[in-house]
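Peer 1: Got a structure for you, questions after.
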């Protein structure tokens, strides 16, 4: 027989966590989670705001480059085409947008003469897309001419949900058609001046 197996088994004390130790650990965990939650929420909102602003900037740049490449006016308008499949302009960019060749430079999509270039989905629920003053939803058509100009100044402001953990971001378009992203300008709806 093996020497180890012939020895009597000793009564070993197994020590676990006491209720007090467990409660202290849970309190520390709860305090840490409570302190980290706003920072994590701010990080998530900031990332989503950057993503949506970049998505609109990409659409604006696509419209401008397609206008020059096709040598025809190209427009960007609010549209639910990405979800419905119906190419039509609506009233709010928050519902999504589409880029289309707009030969007659009007404010509607004409199925017989206009051609859809690309459709983009809606922005996430809780976020808003307004004019820079935050006084009305963004919804005006943006048209680029074959020379790459837009001939108007426009600023579209993305705002986070009501928690306001991050600064708003805007897509700013100047009269020559150059678009850029601006951070911290403008007033979101419901914010104090």
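Results for (1) part of a strand (DSSP E or B); (2) at pLDDT below 85; (3) over 28 Å from residue 161 (Cβ atoms), shown as yes or no for each residue.
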{"position": "10", "(1), (2), (3)": "no, yes, yes"}
{"position": "14", "(1), (2), (3)": "no, yes, yes"}
{"position": "26", "(1), (2), (3)": "no, no, yes"}
{"position": "29", "(1), (2), (3)": "no, no, no"}
{"position": "33", "(1), (2), (3)": "no, yes, no"}
{"position": "58", "(1), (2), (3)": "no, no, no"}
{"position": "67", "(1), (2), (3)": "no, no, yes"}
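Peer 1: Further question: In region 82-122, what residues are under 21 Å from residue 161 (Cβ atoms) and part of a loop (DSSP other than H, G, I, E, B)?
Peer 2: 92, 96, 121, 122
Peer 1: Which ones in region 123-145 are out of contact with any helix residue (DSSP H, G or I) (no Cβ under 7 Å at 6 or more places or on another chain), in a loop (DSSP other than H, G, I, E, B) and under 28 Å from residue 72 (Cα atoms)?
Peer 2: 140, 141
Peer 1: Here's a follow-up. Could you list all residues from region 158-193 that are at pLDDT below 90 and not in a loop (DSSP other than H, G, I, E, B)?
Peer 2: 159
Peer 1: Taking residue 62, is it at pLDDT 85 or above, in contact with a helix residue (DSSP H, G or I) (Cβ under 9 Å, 6 or more places away or on another chain) and outside any loop (DSSP other than H, G, I, E, B)?
Peer 2: no
Peer 1: May I pose another question? Taking residue 152 and the conditions (1) over 23 Å from residue 40 (Cβ atoms); (2) in contact (Cβ under 8 Å) with a residue 24 or more places away in the chain; (3) out of contact with any strand residue (DSSP E or B) (no Cβ under 7 Å at 6 or more places or on another chain), which numbered condition does it fall short on, given that it satisfies the others?
Peer 2: It fails just one condition, (2).
Peer 1: All but one of (1) surrounded by fewer than 18 Cβ atoms within 10 Å (Cβ to Cβ); (2) modelled with pLDDT of 90 or more hold for residue 89, so report the exception by its number.
Peer 2: (1)
Peer 1: Looking only at region 121-152, which residues are over 22 Å from residue 83 (Cβ atoms) and at pLDDT below 90?
Peer 2: Once the filter is applied, which keeps residues that are over 22 Å from residue 83 (Cβ atoms) and at pLDDT below 90, region 121-152 yields 131, 132, 133, 134, 135, 136, 151, 152.
The values are calculated or read from the model by the stated rules, or taken from the named source; none is laboratory data. The structure presented is a predicted model; accordingly, all values stated were derived computationally and were not measured. Please note: Cβ atoms are built from the backbone with ideal geometry, for glycine as well, and neighbour counts cover all protein chains shown.
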